[in-house]
Amino acid sequence: ILQGAGINIDRGGEEAVGAMQSVDALLLVIGKGTAIPLMKRMVEELGLQDKVLFRDPMPYPEMMAHTQHAAIGLSLDKPLNLNYKFSLPNKIFDYIHAGVPIVASDLPEVGRIVKGEKVGITIAEVTSQAVSTAVNALLNDEATWKTHRENCRRASQTLTWEKEKAALEEIYRPLLEDCS
């Protein structure tokens, strides 16, 4: 699955579609963005209509129901600007909380989570070949896939809003006290 409200150019959607030429699986794309029309053209040109499905944005619970049935979640931003390079997309946490192993670009924050929590594979460069190699590696190694899935379940217990909220409150408390 590739999900997001900003599936834009240079965020790996095109490479994900290209990778499907070498992957024996279905890619579900849920969301919107500037890359979607190009991705749909690529699907037509490459004859991948039976391997890539597109769905419009949907309510979060419905999207997560689809996500929970996925074998792998993709997050493939390229470090072409500071916003992308230092991003930590919500989909990373969606995949973890759904128990879905991840294939992600090795960006600083994304890599810290994916490698640190051992919830998937990072790729150094976002190319169709790198994506297909990583996806196939996970799909063809059930033991590793199960380990990443179990690590997602473990990480979902610690990577929570409640813990992040407490950390933010700790940071902001002295600032708020100075204002009163």
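The values are calculated or read from the model by the stated rules, or taken from the named source; none is laboratory data. If you're wondering where the values come from, they're calculated on a predicted model, not measured in any experiment. Neighbour counts are summed over all protein chains in view; Cβ atoms, including those assigned to glycine, are modelled from backbone coordinates with ideal geometry. When the accessible area is computed, the model is the full protein with side chains, heavy atoms only, and any ligands, DNA or RNA have been set aside. Shrake-Rupley method; radii C 1.70, N 1.55, O 1.52, S 1.80 Å.
For the stretch 95-180, the set of GluC sites (Glu not before Pro) satisfying both a DSSP loop assignment and a count of at most 12 other C-beta atoms within 10 Å is given as Glu125. Pairs exceeding 23 Å between alpha-carbon atoms, taken from Lys51/Lys115; Lys32/Lys91; Lys91/Lys163: Lys51/Lys115.
Expressed in Å, the radius of gyration and Dmax of the Cα atoms of the chain are 17.2, 64.
Given C-alpha coordinates of the stretch 1-89, what is the ratio Rg to Rh with the Kirkwood estimate of Rh? The partial results should precede the final answer.
Numbers: Rg = 12.7 Å, Rh = 13.3 Å.
Using only Cα positions, Rg/Rh for the stretch 1-89 is 0.95.
Between the C-alpha center of the stretch 130-160 and that of the stretch 55-77 there is a gap of 16 Å.
The fraction of Cα-Cα pairs per 10 angstrom bin, counted from 0 for the stretch 71-114, comes to 32, 56, 12 percent, rounded to whole percents.
Here the stretch 109-180 is treated with +1 on each Lys and Arg Cβ and -1 on each Asp and Glu Cβ, and its dipole about the Cα centre works out to around 340 debye. In the chain, what percent of the accessible surface is made up of carbon and sulfur (1.4 Å probe, ligands and nucleic acids excluded)? Reported share for carbon and sulfur atoms: 54 percent.
Against the criterion of solvent-accessible heavy-atom surface with a 1.4 angstrom probe, His69, His148 sort, most first, into His69, His148. Dimensions of the stretch 134-179 along the principal axes, based on C-alpha atoms and rounded to the nearest Å, stand at 57, 19, 9, largest first.
Whole number in Å², please: accessible area per residue of the chain, 1.4 Å probe, ligands, DNA and RNA not counted. Write out the running numbers ahead of the final one.
Numbers: 9740 Å² over 180 residues.
In whole numbers, the chain has 54 Å² accessible per residue.
Computed over the chain with a Gaussian network model linking Cα atoms closer than 10 Å, the most mobile of Gly111, Gly47, Gly99 is Gly47. Note on the stretch 83-180: semi-axes of the ellipsoid equivalent to its C-alpha gyration tensor, largest first and rounded to whole Å, are 32, 16, 8.
Compactness ratio of the stretch 42-124: Cα Rg over 2.2 N^0.38 Å, N = residue count?
Numbers: Rg = 13.9 Å, N = 83, 2.2 N^0.38 = 11.8 Å.
Taking N as the residue count of the stretch 42-124, the ratio is 1.18.
Treating the beta-carbon of each Lys and Arg as +1 and of each Asp and Glu as -1, no other charges, what is the dipole magnitude of the stretch 59-168 about its Cα centre, to the nearest 20 debye? Please report the intermediate quantities before stating the final value.
Details: 12 positive and 12 negative charges, 43 e Å.
Its charge dipole is roughly 200 debye.
In a fully extended conformation the segment linking Glu62 and Thr158 would gain 32.2 nm over its present Cα-Cα distance, using 0.36 nm per residue. Under the simplified labelling scheme, the Ala143-Ala25 pair shows an inter-label distance of 2.0 nm, with each label point 7 Å from Cα along Cα→Cβ.
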